[in-house]
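The values are calculated or read from the model by the stated rules, or taken from the named source; none is laboratory data. Just so we're clear, the structure is a prediction, and the values are computed from it rather than from any experiment. Virtual Cβ from ideal backbone geometry, glycine too; neighbours counted across all protein chains shown. SASA here: full protein model, heavy atoms, side chains in, ligands and nucleic acids out. Shrake-Rupley method; radii C 1.70, N 1.55, O 1.52, S 1.80 Å.
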Amino acid sequence: MTTELTYLVLTLLLALVQVMLPAAARTVEFGSKWNAGARDTTPEARKPLTGRLERAQANLYETLPLFIGAVLIAQVADRTGVLTTWGAALYFWARVAYIPLYALGVPYIRSLVWLVSLAGLILILVALFI
């Protein structure tokens, strides 16, 4: 498996972790009875951590399809190389760093880290055209 595909797999595992983090925070906040129920109504999170974890997850999901598509196109088109390797690594590690920064409410640095993940995605896309 190529480095880019390895980072894609790791990013998908990270996405699963990001599904579990806000779910666990909601269970802590609202109880296991709420979690096991039908959740016809979901109360708004009262604890900042729960909301932050949900927003961090949503943020990942905004660019995840683009990352998946870019990596797979690079593989199929045989356009992998230094740019795609660095791009996939930057995207993944920035997304890992983004979670605690968002959860802790760290401003500015969180946005800078998001820009690093975007730069990683752009590197992969650029590699498709050169």
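What ranking do 24-30, 75-81 get when scored by the average of other Cβ atoms within 10 Å per residue, highest first?
Working: 24-30: 16.1, 75-81: 12.9.
Most protected by this proxy first, the peptides run 24-30, 75-81.
Leaving ligands, DNA and RNA out of it, report the carbon-plus-sulfur percent of the accessible area of the chain at a 1.4 Å probe.
71
Can you tell me the convex hull volume per residue for segment 80-130, based on C-alpha atoms, in Å³ to the nearest whole number?
Values: hull volume 2.4 nm³, N = 51.
Residue-normalised Cα hull volume stands at 48 Å³.
What does the charge dipole of the chain about its Cα centre add up to, to the nearest 20 debye, if the Cβ of each Lys and Arg holds +1 and the Cβ of each Asp and Glu holds -1?
Dipole about the Cα centre, nearest 20: 380 debye.
Ratio of Rg to Rh for the chain, alpha carbon only, Kirkwood?
Using only Cα positions, Rg/Rh for the chain is 1.07.
Report, to two decimal places, the Cα Rg of segment 1-63 normalised by 2.2 N^0.38 Å (N = number of residues).
The value comes to 1.36.
Taking the Cβ of ASN59 as the centre, find all other residues whose Cβ is under 13 Å away and add up their charges (Lys, Arg: +1; Asp, Glu: -1).
Numbers: positive: ARG52, ARG55, ARG95, ARG110; negative: GLU54, GLU62.
That sum, taken over residues with Cβ under 13 Å, equals +2.
Rank LEU90, ALA38, LEU112 by how far each Cα sits towards the positive end of the charge dipole of the chain (+1 on Lys, Arg Cβ; -1 on Asp, Glu Cβ) and give me just the farthest.
Positive-most Cα among the choices belongs to ALA38.
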